[in-house]
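Take a look at the structure set out below.
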Amino acid sequence: MHPQAYLQSYWRLELRPQVFVAMSFDQRYQCRFEEIIAPAVKSLIVDGKQLEPCRVDVSKSGDSILTDICDGIAHSRLFLADVSS
């Protein structure tokens, strides 16, 4: 996606109290998310609000996964990418 199209489509100055988590959807990594990443994210407080982990595989928006990814990145306080294997 061209940067200008991204900015026109998704960029708003509102940031949600969430951390966008990019990681494998493979079931083998679910435990890592539930036992390590999610508790660590929930322990963070920014501007008096507890942060929540956000993953697109649990999204219920019904939109395209690419739309959810772009929206999540644009509006999250932090981006966490687990690229380990």
Completion exercise
For the chain, the charge dipole (Cβ of Lys, Arg +1; Cβ of Asp, Glu -1; about the Cα centre) points to a positive end, and the Cα of Phe20, Gln30, Ala5 closest to that extreme belongs to Phe20
Handout entry: Whole-number accessible area per residue in Å² for the chain, which is evaluated in the context of all protein chains at 1.4 Å
Key = 69 Å²
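Does the chain come out rounded, prolate or oblate by the C-alpha gyration tensor, with a ≥ b ≥ c the root eigenvalues, rounded set by a/c under 1.5 and, if not, prolate when a/b is larger than b/c and oblate if not?
Numbers: a/c = 2.11, a/b = 1.27, b/c = 1.67.
Because a/c hits 1.5 or more and a/b fails to exceed b/c, the chain counts as oblate.
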Practice task
List the GluC sites (Glu not before Pro) within the range 13-85 that fall in a DSSP loop (any state other than H, G, I, E or B) and whose Cβ has at most 10 other Cβ atoms within 10 Å.
Solution key: Glu14
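The values are calculated or read from the model by the stated rules, or taken from the named source; none is laboratory data. This is a predicted model, so every value here is computed, not measured. Backbone-built Cβ (ideal geometry, glycine too); neighbour counts: all protein chains shown. When the accessible area is computed, the model is the full protein with side chains, heavy atoms only, and any ligands, DNA or RNA have been set aside. Shrake-Rupley method; radii C 1.70, N 1.55, O 1.52, S 1.80 Å.
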